[in-house]
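> The following block contains the structure, expressed as structure tokens.
Every number in this text was worked out from the coordinates using simple rules, so none of it is lab data. Please read these numbers as outputs of a predicted model, since none were measured by experiment. Cβ: placed from backbone, ideal geometry, glycine included. Neighbour counts: every protein chain shown.
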Amino acid sequence: GKPTTISPENLEILQRWFYSPINFSNPYPDKETKLILINQTKLRKKHLERWLRKERQLVWKPLMKKIQQQEIILQQQQEEELSNDENENKSSNNNPTTILQQWMYNPQHITNPYPTKEEKK
């Protein structure tokens with residue numbers, strides 16, 4: 001069938017669910033959640049499911065891949081720094097770049113990469 005155009009209001013509802021830190025790590029709604037989303041948006045179940053599938057495919061999976069790659073790179077960097085630092089005895093985690101990367105790629109921050117005043121300290 002032809003793709004359903006989702007209104008900006010509905011898109012906002014769906015994206016708010018999808019990109020909330022709680023759901024983003026596993027954006028697969030259970031039956032109850034689907035019913036709630038269907039109620040809120042008045043979309044048909046198959047349209048909701050199609051949107052979720054596309055969002056996971058186009059946005060979520062590539063992003064998750066990137067996060068995993070970043071984590072692997074971070075681990076490697078830390079391991080290298082640790083082996084380099086054993087004689088110097090300085091901590092690698094205080095490297096500002098590492099701290100920032102770890103903060104940025106934390107799933108809770110990736111959808112909202114704006115630190116609070118507290119966190120900036």
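> Label-point separation (nm) for Lys42 and Glu55, each offset 7 Å from Cα along Cα-to-Cβ?
If labels sit at Lys42 and Glu55, their model points lie 2.0 nm apart.
> On to the next question. Stretch Glu32-Leu100 to full length: gain in nm at 0.36 nm per residue minus the Cα-Cα span? Intermediate values should be presented prior to the final figure.
On the way: separation 68, 0.36 × 68 = 24.48 nm, distance 3.71 nm.
Length difference between fully extended and current span is 20.8 nm.
> Mind listing the phi-derived Karplus ³J(HN,Hα) values for the range 95-104, rounded to whole Hz, using 6.51, -1.76 and 1.60 with θ = phi - 60°, and x for any glycine or proline?
4, x, 4, 4, 4, 5, 4, 4, 5, 4
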